[in-house]
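The structure appears right after this line, and notes come after that.
The values are calculated or read from the model by the stated rules, or taken from the named source; none is laboratory data. Values in this document were obtained by computation on a predicted structure and should not be read as measured data. All Cβ positions, even for glycine, are placed from backbone atoms using ideal geometry, and neighbour counts span all protein chains on display.
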């Protein structure tokens, strides 16, 4: 290729840029601080708590912040939420550690009783007698793609209850036909913000109790994530745990300068962490995602300049880190993570609908014992329809008694022009190849192959 930067120079430039990014990840103070006025006002949410309210009175504490914002302190306790807490700009929402629990209790849903066109001002659902729904509580309507799905779920509220019928307020986000059995659920984010600047969520736990018998709650649209932030700037999410949520755990859609650190997301019905919808210039570091039904961390739609580092993604049903490169993700870096025991790949670099994922870096990660859902189907690092990306210094292997991750690194589809260098990759059996290169212009050099109990042997000399 003409005018191509030498691979060594390119790698050096990338490593230097990553190291500068790591300084940002290691030192949270590198995030631009909230305005000094914020620290001048501290609101004690205990003075507003009302356990009979749909939001336990916590929204009133947030709304008490002046225009310059405040630190809202939530004391220890379990706070059952029937509506999302809506953040405001310049507000720090701070709990007392895992003794502060925002909880959503599982309740039965109901099918729509009357077909609802897009924009309908009233939607009616039918439920059994003795419905646990309450007037004013948040409720979501979901349906399968293409009528429903991403961004097409309706977030609304209960307007009236008439016997076994619940009338909802607000316009339907899309058309809901009875044939696809759209479902209304008592589900909503625990914390939500849209378009805010300088927001922080710290030191608290969020959980969702097991749905009661007959509930239709399963995996639902990511817009119902436990934390759902959209188009926000200068965001800090720190020391937050999310458990058992039926959607994604922590979802940051769009915006910039987000730092998500020290968080733990387990046993959720969707992905653990979800940077998406053109979020850029942000860091996810020192997090844990374990036992979720989607990916540990899922890249989606135009994500740019994101660093994912020093995190553990283990035992998730899909990949540890998934869809890197999907729908325009570019110039993102995954460095120093551990991806183990996941259902699919440790790390999946991917294109989307006949487009190629491009210009991302996967450096110094450990991918061990993956492909648990289908032994032999997924390598430690999978490059499908991926181009112009760097895969360097990773270690892939399997030390189980019965191996499932039989291959270290593999290109598939239209993958080409990648740099796959200086990786250590173990093959589980003598019949497998540890690294499979497909692209005619992909460069592989300095990689080593070894059995887990053996000393590495240098390849590509």
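Structure notes:
- Residue match in segment 299-312 (condition: assigned by TED's automatic domain parsing to the domain that holds residue 237, more than 20 Å from residue 233 (Cα to Cα) and out of contact with any strand residue (DSSP E or B) (no Cβ under 6 Å at 6 or more places or on another chain)): yes
- Residue, nearest to residue 285 (Cα to Cα), within segment 231-270, restricted to residues that are outside any strand (DSSP E or B) and within 11 Å of the chain's Cα centre (by Cα): 249
- Residue within segment 268-277 that is surrounded by fewer than 24 Cβ atoms within 10 Å (Cβ to Cβ), under 22 Å from residue 345 (Cβ atoms), at pLDDT 95 or above and touching a strand residue (DSSP E or B) at 6+ places or on another chain (Cβ under 9 Å) present: no
- Filtering segment 390-428 to residues that are under 20 Å from residue 315 (Cα atoms) and assigned to a strand (DSSP E or B) leaves 395, 396, 397, 409.
- Residue that is farthest from residue 362 (Cα to Cα), among those in segment 422-442 that are surrounded by fewer than 15 Cβ atoms within 10 Å (Cβ to Cβ) and modelled with pLDDT of 95 or more: 440
- Criterion: in contact with a strand residue (DSSP E or B) (Cβ under 6 Å, 6 or more places away or on another chain), surrounded by fewer than 24 Cβ atoms within 10 Å (Cβ to Cβ) and either modelled with pLDDT of 95 or more or not in a loop (DSSP other than H, G, I, E, B) (or both) - qualifying residue of 327, 289: 327
- Taken as a whole, the condition of being in a strand (DSSP E or B) and at pLDDT 80 or above applies to residue 192.
- Selection count where residues are touching a helix residue (DSSP H, G or I) at 6+ places or on another chain (Cβ under 8 Å) and surrounded by fewer than 20 Cβ atoms within 10 Å (Cβ to Cβ), scope segment 72-87: 3
- Residues that are crowded, with 17+ Cβ neighbours inside 10 Å, in contact with a helix residue (DSSP H, G or I) (Cβ under 9 Å, 6 or more places away or on another chain) and either under 22 Å from residue 352 (Cβ atoms) or modelled with pLDDT of 80 or more (or both) do occur in segment 413-421, at least one of them.
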